[in-house]
Amino acid sequence: MKRIGIKRETIREKLEKADAVRMKVLDDVKFIRSWAQNPLRTGAVAPSGPELAARMVSFLTPRPHARVVELGPGTGVVTKALFEAGFSNHHLNLIEYSADFCEHLEARYPGLPVLQGDAYDLRGTLSNCGGFLDETHEPQHSLDGIVSSLPLLTRPEKDRKAFLSEALDLLKPGAPLIQFSYGLAAPVKPKTRAVSIFSSEWIWKNLPPARVWVYRKAN
């Protein structure tokens, strides 16, 4: 009986690994299709790797009433890392421009608030039904973190600076805006010295290699 139990466990593990590989292939295909349709909006040709996602999420702390916004979740690699770190549906708002990715995320994570909209209009999108900034919440300094996979370097500098300014206005003092980038320099240069910038080590296992940039604003 013990041998039968071990054999069943081995088969179960193999099936789980096969299912994980199948899901990754499907996600990659979906991501590449989205990139082919609109390369400037999607930015990367493949989803972020789990190592990069875990590094991004490492700058966040899951507290009971934490409110974290994920931008450009795509197929949900960073979303998965957020759940693994201890966040749950009520902690999160996801903003995704692609209707296909929104449908994909809603199917994969039932009950998770996924808002279809423009991340470069954070206030407007988060004010929609189910968003953190609806009529029941204060619009300023109310978020505990923003984690972004937006392809910032495909946008003009003025758009990037406007995005950074709006994001920091919505975050609590000291709360992080977390953004990955493939570039050598910071993807956004703040207008003021009151904003601190931290860059992580290179995540070499990601394809292509990337770094995590963390922006924080003092009181």
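Pairs meeting the criteria (first residue in region 169-186 and touching a residue at least 12 places away in the same chain (Cβ under 8 Å), second residue among the acidic types (Asp, Glu) and open to solvent by 10 Å² or more (accessible area, probe 1.4 Å), beta carbons under 8 Å, at least 6 apart or on different chains) are Leu171/Asp144; Lys172/Asp144; Ala175/Asp144.
Given the criteria under 20 Å from Gly74 (Cα atoms), open to solvent by less than 70 Å² (accessible area, probe 1.4 Å) and either small (Gly, Ala, Ser) or assigned to a loop (DSSP other than H, G, I, E, B) (or both), does Pro208 qualify? Even if it seems obvious, please write down each step before you answer.
Numbers: under 20 Å from Gly74 (Cα atoms): yes; open to solvent by less than 70 Å² (accessible area, probe 1.4 Å): yes; either small (Gly, Ala, Ser) or assigned to a loop (DSSP other than H, G, I, E, B) (or both): yes.
It is true that Pro208 is under 20 Å from Gly74 (Cα atoms), open to solvent by less than 70 Å² (accessible area, probe 1.4 Å) and either small (Gly, Ala, Ser) or assigned to a loop (DSSP other than H, G, I, E, B) (or both).
Can you tell me which of (1) surrounded by 18 or more Cβ atoms within 10 Å (Cβ to Cβ); (2) in contact with a Ser or Thr (Cβ under 7 Å, 6 or more places away or on another chain); (3) among the aliphatic types (A, V, I, L, M) is the one Ile203 doesn't meet? Just one mismatch for Ile203, condition (2).
For Leu177, are the conditions met, namely being crowded, with 23+ Cβ neighbours inside 10 Å, touching a helix residue (DSSP H, G or I) at 6+ places or on another chain (Cβ under 8 Å) and within 21 Å of Thr79 (Cα to Cα)? Can you show your working first?
Details: crowded, with 23+ Cβ neighbours inside 10 Å: yes; touching a helix residue (DSSP H, G or I) at 6+ places or on another chain (Cβ under 8 Å): yes; within 21 Å of Thr79 (Cα to Cα): yes.
Criteria met by Leu177.
Looking at Gln140, Gln179, which is the one that is out of contact with any Pro (no Cβ under 9 Å at 6 or more places or on another chain) and either within 19 Å of Glu70 (Cα to Cα) or β-branched (Val, Ile, Thr) (or both)? Result of the check over Gln140, Gln179: Gln140. Close contacts from region 102-130, counting a first residue that is in contact (Cβ under 8 Å) with a residue 40 or more places away in the chain and a second that is of a type in the set (Lys, Arg) and surrounded by 14 or more Cβ atoms within 10 Å (Cβ to Cβ), with Cβ to Cβ under 7 Å and a gap of 6+ residues or different chains, come to His104/Lys30.
Out of Leu171, Leu153, Leu122, Leu126, which single residue is modelled with pLDDT under 95 and either open to solvent by 60 Å² or more (accessible area, probe 1.4 Å) or not acidic (Asp, Glu) (or both)? Working first, answer last.
On the way: Leu171 fails: modelled with pLDDT under 95; Leu122 fails: modelled with pLDDT under 95; Leu126 fails: modelled with pLDDT under 95.
Only one candidate passes the filter, namely Leu153.
Within region 148-171, being part of a loop (DSSP other than H, G, I, E, B), basic (Lys, Arg) and in contact with a Lys or Arg (Cβ under 9 Å, 6 or more places away or on another chain) holds for no residue. Evaluation of Pro187 against the conditions (1) open to solvent by less than 40 Å² (accessible area, probe 1.4 Å); (2) out of contact with any helix residue (DSSP H, G or I) (no Cβ under 8 Å at 6 or more places or on another chain); (3) not hydrophobic (A, V, I, L, M, F, W, C) shows that the sole unmet condition is (2).
Restricted to region 139-150, and to residues that are over 11 Å from the mean Cα position of the chain (by Cα) and at pLDDT 95 or above, which residue is farthest from Arg123 (Cα to Cα)? Before the answer, list the steps.
Within region 139-150, the subset over 11 Å from the mean Cα position of the chain (by Cα) is 139-144.
Next, from what is left, pick out any that are at pLDDT 95 or above: 143-144.
Values: Leu143: 12, Asp144: 15 Å.
By that ranking, first place goes to Asp144.
The values are calculated or read from the model by the stated rules, or taken from the named source; none is laboratory data. Keep in mind the model is a prediction, meaning the values are calculated, not measured. Because the Cβ atoms are built from the backbone with ideal geometry, glycine has one as well, and the counts that use them run over all protein chains shown. Note: areas computed on protein heavy atoms with side chains; ligands, DNA, RNA excluded. Shrake-Rupley method; radii C 1.70, N 1.55, O 1.52, S 1.80 Å.
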